[in-house]
Structure formats: C-alpha cells, structure tokens
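The values are calculated or read from the model by the stated rules, or taken from the named source; none is laboratory data. The structure displayed is predicted, hence computed values, not measured ones. Here Cβ is always computed from backbone atoms with ideal geometry, including for glycine, and neighbour counts include all displayed protein chains. Ligands, DNA and RNA are excluded from the accessible area calculation, which covers all protein heavy atoms including side chains. Shrake-Rupley method; radii C 1.70, N 1.55, O 1.52, S 1.80 Å.
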Amino acid sequence: MQLPSESPTDPLLDGLNPPQREAVLATEGPVLMLAGAGTGKTAALTARLAHIVRSRLAWPSEILCVTFTNRAAREMKERVGHLVGPAVEGMPWLGTFHSMAAKMLRRHAELAGLQSNYTIIDTDDQLRVLKQLIQAEGLDEKRWPARQLAGCIDRWKNKGLSPQDLSAADSEAYANGQGQKFYRLYQDRLKALNVCDFGDLLLHMLKILQTNREILEQYQQRFKYIMVDEYQDTNQVQYLWLRLLAQARKNICVVGDDDQSIYSWRGAEVANILRFEQDFPGAKVIKLEQNYRSTPDILAAASGLIDANSQRLGKTLWTERNGGDKVRVVGVWDGPEEARRVGEEAERLEREGASLATLAILVRAQFQTREFEDRFIAIGLPYKIVGGFRFYERAEIRDALAYLRLIAQPSDDLAFERIYNAPKRGLGDKTLEKLHRHARARAIPLSLAAVEICDTDELPARARNTLLAFMRDVARWRDAAKVLSPAELARTVLDESGYTAALQAEKSAESAGRLENLTELARAMEEYETLGDFLEHVSLVMDNDANDAAEKLTIMTIHAAKGLEFDHLFLVGWEEGVFPSQRAMDEGGLASLEEERRLAYVAITRARRRCTILHAANRRIYGQWTSSIPSRFITELPEAHIEQESTLSGGASLWRAQWSEHGDPFAHVAAAQPARTMTRGPGWQRAAAQSYDPTPRRLPEATRSAASFAAKPRSDVSLGARVFHEKFGYGTVTAQEGNKLEIEFETAGPKRVIDSFVKLAE
C-alpha cells in the first residue's frame with residue numbers, strides 16, 4: 001500500500017534533498033542517518049517523525065524519541081507541532097535520555113529498591129553523602145576526596161556497571177582498591193534515603209530490563225518506532241538501554257556523525273555508532289553530505305583533515321555554493337601577537353560592515369581566553385564568553401584574587417570571607433559568625449578581629465589554632481609581597497595555602513583545567529610590576545562586564561561551539577601540545593588523538609564564510625617561554641584549499657616540509673593496535689596496524705619543541721657570541737646544546753631559544 005506522504009507534492013518533503021527524503025520515507029527496519037555538519041539532519045529527523053504520525057504508522061504515544069538536551073527536545077516538539085498540529089501534544093515519550101528513564105523508573109521503582117516517590121539529588125547532595133561515608137569509614141578525605149570518588153562512580157554508571165560488576169582494576173581507581181566497597185556503600189545509602197542520582201536513572205532501568213523479561217517485552221511492544229538524535233554522543237549505558245528496547249521490532253532510526261564524536265571525557269563512545277550495522281544487520285545507511293552552511297574550501301579543508309582518522313564510517317561534505325575564501329593559516333611570533341592579530345582583524349571586519357555577533361574565537365582550553373580578554377579590554381572591543389565564565393570570573397581565579405586582595409588590603413572583608421576556609425580548613429559558619437560579631441563590636445576589619453579573637457577563649461582550641469595559623473600565613477605573605485614579584489607571590493600563596501594541592505588531589509578533568517587557569521593567572525601577572533597594578537587591571541576588566549552591548553564577539557571552547565555557526569571564525573593556538581592537547585594524548589593515546597582530530601573538524605565546520613587558523617612559534621607555558629611547532633592538524637589540511645601566511649622565517653610551508661622529512665615526533669602516541677579493516681562505504685577501506693603503549697608519559701622537551709627539527713646547530717654562533725633576538729633584544733650566549741641556546745639578555749634576563757631565531761649582533 002502506498003502512503004499519501006510518498007507523493008512528490010507532500011509538503012513534508014518540500015525543501016528536502018534526495019537523501020533527506022529517503023531518510024523520511026525509510027520507516028521500516030533499522031536506519032542510520034549519517035549526517036555531516038550543516039547537512040540539515042534536524043529537518044530530516046522531524047519530518048520523519050511527522051511522517052510516521054501523519055501516515056498513522058503509529059500513535060504518537062507509541063514513538064520513543066530521545067534527545068540529549070531539553071532544548072533539543074523542545075525544538076523538536078515545536079517543529080513537529082508545526083507539521084502535524086495538536087497530535088504532538090500526545091507524545092509522552094519525546095525527551096532526554098534521563099527524563100525518559102525517570103518516567104519508566106517511576107513505574108518500577110520497587111524493583112530498584114526505591115519507592116515511586118523517590119527524589120533525584122544533585123551534585124552537591126551527592127558529594128555530601130560521599131563525604132559522610134568517607135568520614136564514617138575513617139578515610140582521609142583530603143587524600144581521597146569525595147569529588148574523586150564521585151567521578152569514579154559517574155564513570156562506572158556511564159558504563160552500566162553496578163557495584164557487583166566492577167573488576168579488581170575498576171576498584172583500584174579509588175583508595176587503593178576500595179572503590180567497589182565505597183560504591184556499594186553509596187548505593188545502599190541512596191536507597192535508604194529513597195533518592196537516586198542522575199546516573200541511577202538509566203542504570204536502574206537498564207538492570208530492570210535486563211532481569212525482568214516481562215517488563216522488557218512490554219516496552220518493546222509499546223514502542224513501534226525509536227528515534228535517537230546525536231547517537232555518536234551516547235555512552236555505554238545509553239547504548240545498552242536503547243539496544244534492548246529496539247531488539248524486538250528493530251524499527252530504530254539513529255541520527256549522528258561519527259566525525260563529531262568529541263565527548264569521551266563524559267563517557268561518550270564513538271564505537272556505538274561505528275558498530276550500528278553489526279548490532280542491527282541489514283540496517284540502511286543514509287548519508288547526508290550536502291552542506292548548507294560553509295564554502296567549498298572550508299568543507300574541503302575539513303574533509304581532508306578528518307580523512308586522517310581510521311575509526312570512521314566515511315563521508316564527504318559538499319555544497320552547491322560557489323566562491324568564498326580559502327582557509328587561512330597564519331603563523332605568528334607568540335601568544336600576545338596572536339591576540340593582537342585577531343583583534344585587528346575583528347576591528348577591520350567591523351569597519352567593513354560585519355556584525356561582531358557573527359565573529360567568534362574558538363579555543364581548545366579555557367585558559368587560552370585570558371590573552372584575548374586582556375587585549376580586547378585594552379582596545380575596547382566588546383566580547384562575551386559563551387559556555388563558561390570570563391577568565392577572572394572563574395571560581396578558582398576569584399579565590400586566588402581574594403587571597404591577593406587580602407594581602408594588599410587587610411580591611412577587605414569580602415576577600416577574607418571568601419578564602420578563610422578555601423581550601424577547607426575546618427573553619428565553619430559559626431566561626432565566621434563570631435568573627436563578624438567581634439568585628440562589629442570593635443569596628444575593625446575581619447582580619448584584625450580574627451587575630452584578636454585568637455587571644456580569647458571564644459573559639460574551640462582546634463578552630464583557634466587553625467585560624468591563628470592562617471592569619472600568620474597572611475602576615476608572612478604580606479611581608480613577602482614587598483620583595484617578590486606579583487607572579488612569584490601568587491605561586492607562593494597558592495602553594496603554601498594548600499589551594500593547589502587540594503585541586504591536585506581531586507584528580508579530575510575539571511580540577512586539571514582549574515590548575516591550568518591558575519597557571520595562566522600567574523603568567524598574566526608577570527606583565528605587572530606591582531600587585532596593586534595588577535589588581536587595578538582586574539578591576540577594569542570586571543567593570544567591563546557590566547557594560548552591555550548589543551553586538552559582541554564570541555569567545556568559547558570548541559566543545560561549547562558544537563551545533564553553532566559563525567560567518568567569521570578564528571581558531572587559535574593550533575600548536576602541538578596545545579591542540580592536539582598533550583594531556584589528552586598522554587592519557588588516551590591513539591583514541592584521544594583521533595578525538596582531538598574530530599574536535600578540529602568540528603571547529604572548522606563551524607565557519608560559514610571565513611576560517612582563520614593561527615599558530616604561534618612561542619608560548620608561555622608554566623611561566624617559561626617555550627618554542628612551539630604548528631599542530632599536526634595544519635599539515636593535514638589539503639594545500640589546495642588553504643592560504644598560508646606567516647611572520648616567521650620560512651612560513652607554514654617550511655613546517656609542512658619538516659613534518660614530512662623528519663616524521664611525527666609524537667609517533668609513539670599513534671602506536672600499534674591489532675590489525676583491522678573498517679568499512680567506510682563504497683571504495684573506502686583502511687587497514688590499521690598500529691600499536692600503542694598506554695603508559696602515560698611526557699615527551700622530552702627536545703621532542704616537543706621546534707628544536708627537534710633542526711638537523712645541525714648553526715656554526716656561526718658559539719659560546720660568548722653577542723646576538724640579537726627580535727623579542728628579547730641583545731644578549732650573550734652562555735650555553736649551547738645542539739641548536740638550543742642559553743642566552744643572558746641585557747633586559748630580559750636568561751632565556752632558552754632556538755639558534756634560528758637569533759642573529760649575530762653587528
């Protein structure tokens with residue numbers, strides 16, 4: 001029987017290209033809609049859902065449609081509503097993974113040891129429960145933080161593992177093999193409280209479906225059609241839950257892009273979409289490759305880059321658009337020049353009529369935003385941070401600044417309140433209340449009240465000793481501020497206060513990022529002679545936050561930019577160790593390298609009209625100038641679609657030649673895995689015969705720097721030679737190792753540089 005919607009005049013199909021139409025009409029059996037960036041996958045998905053309802057293939061209540069965010073669910077409901085009218089109101093099973101699992105769990109809570117009126121706790125409540133358990137078991141919470149245990153439990157639940165499912169290796173992840181014990185204690189405690197965390201919603205339902213055949217069959221019969229958006233972002237428990245529900249009818253349609261799987265750090269597994277055809281034999285694979293967003297050169301550059309990945313299904317984006325600029329690759333001397341260059345380009349585009357709202361800077365890590373924020377404040381260019389806080393608004397930065405403010409101004413009560421128990425010192429609200437009472441009675445600042453109250457019996461001995469030790473530290477730091485530079489003072493305070501150690505103990509991706517931000521803060525302070533000058537600068541930056549503007553340039557991480565698009569895009573910091581991230585590769589090897597490349601692909605495909613990639617020859621890393629080499633991703637861009645520009649000798653073509661001649665200095669990262677062949681569509685096959693040593697390690701400095709490409713040192717530079725450096729001025733060579741020089745500069749002091757960056761002084 002031919003359905004009415006198959007008519008060429010069906011308005012549901014209006015404006016859809018042939019592959020989109022095919023995806024809408026392919027209603028029976030498993031379907032993988034492999035949708036590239038900017039190819040209209042949402043339009044195809046919503047039209048397919050509307051087609052099923054309008055054709056009466058299923059009642060709205062018989063369709064399970066799962067998204068990752070509430071925003072995506074609302075957008076889909078609105079779009080479908082425009083197509084089918086009031087029928088959309090009868091779709092109770094359209095929502096996020098967690099909301100759908102919670103709806104199911106309400107009906108079967110007793111099978112998970114809960115009552116149907118259970119509540120869902122947030123992260124703060126979760127940490128509170130874990131801290132209580134850690135304390136009750138006599139474990140040192142400073143050594144084994146609750147946040148670390150929470151991260152372990154979250155990973156286990158994302159994998160669909162209950163306490164009894166953990167291996168010995170899993171258990172070793174916390175407290176020397178006590179992970180399983182604390183996971184079990186935590187789950188028992190949640191059940192006693194009749195609560196669950198977000199991870200439990202899917203985990204409990206997965207276990208119920210796995211162990212109760214009758215309930216599983218009820219849902220398998222209920223859902224005639226299952227549709228899943230952003231399938232490449234599913235984690236293991238989501239994948240297992242969906243596969244169980246779809247096994248009977250197999251009418252499952254998943255929409256995703258393996259080339260945009262960039263969330264492994266929160267449990268996403270690209271393998272889920274790669275093995276869809278194995279899970280559902282006979283699945284129809286429909287590729288959406290026509291891009292409606294970007295220019296031909298931008299698409300070709302992105303496609304050429306991602307082709308270097310082995311773990312992909314394979315597709316090639318194309319567009320009917322003509323013209324447009326090539327992707328620009330710009331090499332600059334250092335980070336400050338990079339910020340200046342982007343600022344000048346943004347101002348030029350604005351003068352030519354471009355709206356600042358159509359401009360964006362994408363960074364790999366949040367600490368990179370500081371250089372641009374400071375530059376844009378200096379030139380008065382309006383900007384906003386999306387998907388995170390401005391650099392000086394971040395909690396760890398505000399904590400560090402509070403320490404420095406209290407050192408500079410003892411009467412700053414707001415600063416005192418913020419850090420007197422940060423990191424945790426055992427000083428609670430009652431102690432602070434007594435300090436406030438004493439300060440008001442004597443009309444003195446809190447810091448002075450703290451000193452005075454320690455000479456009384458107002459506080460318990462333990463709190464009194466802790467508070468007195470803290471105030472002695474503050475006094476010592478205040479004396480140190482007279483002789484130390486602002487940056488040295490900041491590093492000293494953060495170390496001696498225990499703030500750095502507390503973050504290190506958390507051992508999480510978030511804490512690692514916060515430590516990077518603190519390192520960047522100290523680096524920023526090196527540009528100021530006095531602590532007062534720096535704090536004044538921060539005040540001006542923060543004051544700018546209040547000056548709202550209708551149009552602002554956007555600064556954000558690449559992760560936060562997924563799903564967005566901009567006319568003019570600046571991709572900054574494309575150097576080895578920054579992007580791809582050295583930390584990611586050290587921890588994840590080849591898999592992480594391929595995800596970093598997918599992240600680069602996502603970044604480029606956010607651009608509509610112009611895309612500029614910048615890399616610097618020098619970066620300040622941990623307070624030291626370090627020579628950098630351009631990202632391998634730059635060398636993987638097809639030359640026919642890029643335009644190279646560089647202020648460096650030799651330009652980008654030199655770097656490309658050096659990569660080609662000397663090989664990959666990170667070759668150990670892409671080491672061997674078992675040989676395998678991945679099908680990538682007609683004519684696409686790639687065999688990978690590489691192995692990987694998973695032992696995390698840092699590479700030698702010579703390997704990470706541009707020096708690794710210099711075959712021979714210069715013969716005209718020797719010990720004692722007087723040389724000139726464009727950034728550091730005149731100096732004398734004091735040591736030489738290959739093509740690396742130690743130079744005592746007259747104004748900049750001792751520096752380590754590459755000999756190709758200096759010339760003999762006349």
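Values for this structure:
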| read-out | value |
| --- | --- |
| Entirely in segment 335-434, the helices (runs of 4 or more DSSP H) that have 3 or more residues that are closer than 14 Å to Thr554 by Cα | 335-351, 369-379 |
| Inter-residue pairs, beta-carbon under 9 Å, first in contact (Cβ under 8 Å) with a residue 40 or more places away in the chain and in segment 89-100, second assigned to a loop (DSSP other than H, G, I, E, B), 6+ apart | Trp93/Phe223; Phe97/Phe68; Phe97/Thr234 |
| Conditions (1) under 30 Å from Cys65 (Cα atoms); (2) at pLDDT below 95; (3) within 27 Å of the chain's Cα centre (by Cα); number of the one not met by Ala173 | (1) |
| In segment 486-507, residue least open to solvent (accessible area, probe 1.4 Å) [restricted to those that are farther than 20 Å from Phe391 by Cβ and among the polar types (S, T, N, Q)] | Ser497 |
| Residues located in segment 184-200, provided they are among the aliphatic types (A, V, I, L, M) and either closer than 30 Å to Arg598 by Cα or not in a helix (DSSP H, G or I) (or both) | Val195 |
| Checking Ala402 against (1) among the aliphatic types (A, V, I, L, M); (2) modelled with pLDDT under 95; (3) closer than 20 Å to Ala616 by Cβ, the condition it does not meet | (3) |
| Residues satisfying the stated conditions in segment 413-441, i.e. within 17 Å of Asp457 (Cβ to Cβ) and either open to solvent by 20 Å² or more (accessible area, probe 1.4 Å) or at pLDDT below 90 (or both) | Lys430, Glu433, Lys434, Arg437, His438, Ala441 |
| Residue in segment 618-647 that is most open to solvent (accessible area, probe 1.4 Å), counting only those that are touching an Asp or Glu at 6+ places or on another chain (Cβ under 7 Å) and in a strand (DSSP E or B) | Arg619 |
| Pick from segment 20-42, criterion out of contact with any Asp or Glu (no Cβ under 6 Å at 6 or more places or on another chain) and under 21 Å from Ile298 (Cβ atoms), ranking: surrounded by the fewest Cβ atoms within 10 Å (Cβ to Cβ) | Thr42 |
| Set Arg222, Arg243, Arg213, Arg249: member being more than 18 Å from Ser162 (Cα to Cα), out of contact with any helix residue (DSSP H, G or I) (no Cβ under 8 Å at 6 or more places or on another chain) and not hydroxyl-bearing (Ser, Thr, Tyr) | Arg213 |
| Hits in segment 295-332 (condition: part of a loop (DSSP other than H, G, I, E, B), farther than 30 Å from Arg619 by Cα and open to solvent by 20 Å² or more (accessible area, probe 1.4 Å)) | Gln311, Thr316, Thr319, Glu320, Arg321, Asn322, Gly323, Gly324 |
| Set Leu45, Leu64: member being open to solvent by less than 10 Å² (accessible area, probe 1.4 Å), more than 26 Å from His204 (Cβ to Cβ) and touching a residue at least 60 places away in the same chain (Cβ under 8 Å) | Leu45 |
| Tally of residues being modelled with pLDDT under 90, open to solvent by 90 Å² or more (accessible area, probe 1.4 Å) and in a helix (DSSP H, G or I) across segment 109-127 | 1 |
| Test result for Met76, touching a residue at least 12 places away in the same chain (Cβ under 8 Å), outside any strand (DSSP E or B) and more than 30 Å from Thr316 (Cβ to Cβ) | no |
| Glu344 charged (D, E, K, R) and within 30 Å of Met471 (Cβ to Cβ) | no |
| Segment 347-382, residues that are more than 20 Å from Glu536 (Cα to Cα) and under 19 Å from the mean Cα position of the chain (by Cα) | Ala360, Ile361, Leu362, Val363, Arg364, Ala365, Gln366, Phe367, Gln368 |
| For Leu105: the one exception among (1) open to solvent by less than 30 Å² (accessible area, probe 1.4 Å); (2) in contact with a Cys (Cβ under 7 Å, 6 or more places away or on another chain); (3) not charged (D, E, K, R) | (2) |
| Subset of segment 203-241 [closer than 23 Å to Leu288 by Cα and part of a helix (DSSP H, G or I)] | Tyr231, Gln232, Asp233, Tyr239 |
| Number of the exception - Arg370 against (1) open to solvent by less than 10 Å² (accessible area, probe 1.4 Å); (2) in contact with a strand residue (DSSP E or B) (Cβ under 8 Å, 6 or more places away or on another chain) | (2) |
| Ala450 open to solvent by less than 40 Å² (accessible area, probe 1.4 Å) and farther than 24 Å from Arg147 by Cβ | yes |
| Among (1) open to solvent by 10 Å² or more (accessible area, probe 1.4 Å); (2) modelled with pLDDT under 95; (3) in a strand (DSSP E or B) - the single one Arg610 does not satisfy | (2) |
| Breaking point among (1) assigned to a helix (DSSP H, G or I); (2) over 19 Å from Asp413 (Cβ atoms), for Glu527 | (1) |
| Hits in segment 156-192 - residues which are more than 27 Å from Leu242 (Cα to Cα), open to solvent by 60 Å² or more (accessible area, probe 1.4 Å) and free of Cβ contacts under 8 Å to residues at least 60 places away in the same chain | Ala168, Ala169, Glu172, Asn176, Lys181, Ala192 |
| Hey, Asn251 more than 17 Å from Lys562 (Cα to Cα), surrounded by fewer than 20 Cβ atoms within 10 Å (Cβ to Cβ) and not hydrophobic (A, V, I, L, M, F, W, C) or not | no |
| Subset tally (residues that are crowded, with 21+ Cβ neighbours inside 10 Å and not in a strand (DSSP E or B)) for segment 562-577 | 4 |
| Verdict on Ala73 being modelled with pLDDT under 95, among the aliphatic types (A, V, I, L, M) and in contact with a Gly (Cβ under 6 Å, 6 or more places away or on another chain) | yes |
| Flag if Val285 is at pLDDT 95 or above, surrounded by 20 or more Cβ atoms within 10 Å (Cβ to Cβ) and in a strand (DSSP E or B) | no |
| Residues of segment 587-606 that turn out to be open to solvent by 20 Å² or more (accessible area, probe 1.4 Å) and farther than 17 Å from Ile634 by Cα, as a count | 4 |
